[in-house]
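Reviewing the structure listed below.
Nothing in this text is a laboratory measurement; each read-out follows from the coordinates by a stated rule. Quick caveat, the model's predicted, so the values are computed rather than measured. A quick note on method: Cβ atoms are made from the backbone with ideal geometry, for glycine too, and the neighbour counts reach across all protein chains shown.
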Amino acid sequence: MENKNFYDVIFKRKSVRKYNLENLDDTILEEVSTFISSVKPMYEEIKTEIKIVKLENVKNLLPIRAPYYILFSSENKEGYLTNAGFMLQQIDLFLSANELGSCWVGMAQPKKEILKKLKLEFIIALAFGKPAEFVHRKNLKEFRRKSIEEIRDTNEKDELIEPARLAPSATNSQPWFFRILNNKIHAYCIKQNLIKAILLKKMNQIDMGIAICHIWIAAKKYGKDMKIITDRKGLEYSPKGYNYVISLIID
Ligand SMILES: Cc1cc2nc3c(=O)[nH]c(=O)nc-3n(C[C@H](O)[C@H](O)[C@H](O)COP(=O)(O)O)c2cc1C
C-alpha cells in the first residue's frame with residue numbers, strides 16, 4: 001500500500017459514507033495496522049491506543065455502515081483532542097491514498113463489551129472499508145469550504161494554509177483561523193455560541209488537530225520542519241471570537 005503521497009491526497013480526499021460491507025483481505029488489514037503503528041503524535045507524552053473493530057462492535061447513531069471502524073482512545077491530558085485529530089487524520093489520508101473509503105464519525109460509540117476492554121478513554125472513531133461511491137473528488141470546486149481570506153490574516157504561508165483550509169471538520173464547521181508572523185503560524189479555534197458549543201466544543205479541538213496535520217504534511221512537502229509550541233504572543237494576538245490553541249514554528 002502507498003505510504004508517501006499524502007500531500008496530493010489532501011486536494012482530493014472526501015468523506016465516504018457508502019461502503020461495500022465485504023471483508024478486506026487480511027494482508028490489507030495488516031498493512032493498515034502496520035501504518036497505524038507508525039503514526040506520529042503531536043505530543044509524545046500523551047498515551048494513545050488505536051484499534052480496528054468490525055461493524056458489529058459499534059453503535060452508530062447516524063446511518064454510516066462501514067465494515068470496519070478505527071477506535072481512537074487516549075489519556076485525558078492537555079492537548080489530547082488536538083493530538084487525536086492530528087494522529088487519526090494521518091490514517092484518513094493513508095486510507096484515501098490507497099483507494100479505501102473513510103469517514104470520521106463523531107456519533108459512533110463502541111459497544112459496552114469493547115468499551116470495557118479499552119485501556120484509555122474512547123475519543124472518536126473513523127469508519128473505513130471498500131467504497132461504494134467515488135473515493136476522491138475530481139477538483140477543488142467540489143470542496144465546500146470557507147475562502148482562504150476568511151481563515152488567515154496574511155498570505156505569506158498560503159502554501160501551508162491552503163491544505164489546512166481543505167481539512168475535514170465536524171459538521172464542516174471549519175473552526176480554524178491562522179495568524180502568520182514570520183516563521184510562526186498561530187492557530188485559533190472559533191468560540192461557538194452556547195448551543196453549538198455543547199455539540200462541537202470537543203469536536204472542534206479534534207478539527208484543529210486535523211488542520212495542523214495538513215499543515216505539517218505540506219511543510220514536509222516543502223522541505224520544512226514543524227515545531228509545536230505555546231507562545232505568549234500567540235495568546236495576546238487572539239482575534240476577537242477565537243480561542244488560542246497553539247503555535248507552529250516552520251523552519
Ligand atoms: C471530528 C469529526 C467528526 C465527524 N463526525 C461525522 C459524523 O458523525 N457523521 C458524518 O456523516 N460525518 C462526520 N464527519 C465528516 C464531516 O461531516 C466532513 O468531514 C465535512 O462535512 C467535510 O466534508 P469532507 O470530509 O467530504 O471534505 C466528521 C468529521 C470530523 C472531522
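Cα centroids of the stretch 1-75 and the stretch 128-169: how far apart, whole angstrom?
After rounding, the separation between the Cα centres reads 20 Å.
Report, by chain and number, residues whose modeled amide H sits under 5 Å from the one on residue 152, excluding near sequence neighbours (fewer than 5 apart, same chain).
Here the answer is 178, since their amide H atoms fall under 5 Å of that of residue 152.
Sorted from largest down, give the three principal axis spans of the alpha carbons of the stretch 140-193, whole angstrom values.
32, 30, 14
Rounded to the nearest 20 Debye, what is the dipole magnitude of the chain about its Cα centre when Lys and Arg each give +1 and Asp and Glu each give -1 at the C-beta?
The dipole magnitude comes to about 800 debye.
With a ≥ b ≥ c the root eigenvalues of the C-alpha gyration tensor of the stretch 28-73, is it rounded (a/c under 1.5), prolate (a/b larger than b/c) or oblate?
Oblate.
By the scheme Lys and Arg +1, Asp and Glu -1, what is the net charge of all other residues having a beta-carbon under 14 Å from that of residue 196?
Result for the neighbourhood of residue 196: +2.
About the Cα centre, and with charges only on the beta carbon of Lys, Arg (+1) and Asp, Glu (-1), how big is the dipole of the stretch 1-92? Nearest 20 debye, please.
500 debye
Under a GNM of the chain (C-alpha, springs under 10 Å), which listed residue has the highest mean-square fluctuation: 185, 229, 210?
It is 229.
Using Cα pairs closer than 8 Å and at least 6 residues apart in sequence, work out the relative contact order for the chain, in percent.
Relative contact order here is 22 percent.
Let me check I've understood the local charge: for residue 144, count other residues with C-beta under 11 angstrom from its C-beta, Lys and Arg +1, Asp and Glu -1. What total comes out?
Value of the local net charge: +4.
In whole angstrom, note down how far apart the Cα centers of the stretch 79-104 and the stretch 182-213 are.
Centre-to-centre distance over Cα atoms comes out at 17 Å.
Cut-off under 18 Å on the C-alpha distance; same-chain residues fewer than 8 positions from residue 130 excluded. Which aspartates and glutamates are left, in chain and number order?
2, 22, 25, 26, 30, 31, 56, 92, 99
Tell me which trypsin sites (Lys or Arg not before Pro) from the stretch 218-251 have a DSSP coil assignment and no more than 11 other beta carbons within 10 Å of their own.
Within the stretch 218-251, the qualifying trypsin sites (Lys or Arg not before Pro) (loop, at most 11 other Cβ atoms within 10 Å) are 240.
Test of the criteria: in the stretch 165-251, which chymotrypsin sites (Phe, Trp or Tyr not before Pro) are in a DSSP loop and have at most 16 other Cβ atoms within 10 angstrom of their Cβ?
Taking the stretch 165-251 and a limit of 16 other Cβ atoms within 10 Å, the loop chymotrypsin sites (Phe, Trp or Tyr not before Pro) found are 222, 237.
What is the fewest-to-most order of 186, 136 by other Cβ atoms lying within 10 Å of their Cβ?
Going from least to most buried by this count: 136, 186.
What is the local net charge at residue 114, summed over the other residues whose Cβ is closer than 14 Å to its Cβ (Lys, Arg +1; Asp, Glu -1)?
Its environment carries a net charge of +4.
So how compact is the chain: Cα radius of gyration and Dmax in angstrom?
Rg, Dmax (Cα atoms, Å): 17.5, 52.
Given the pairs 184/240; 12/119; 47/141; 4/111; 18/202; 220/240, which span a C-alpha to C-alpha distance of over 29 angstrom in this model?
Exceeds cut-off: 12/119; 47/141; 4/111; 220/240.
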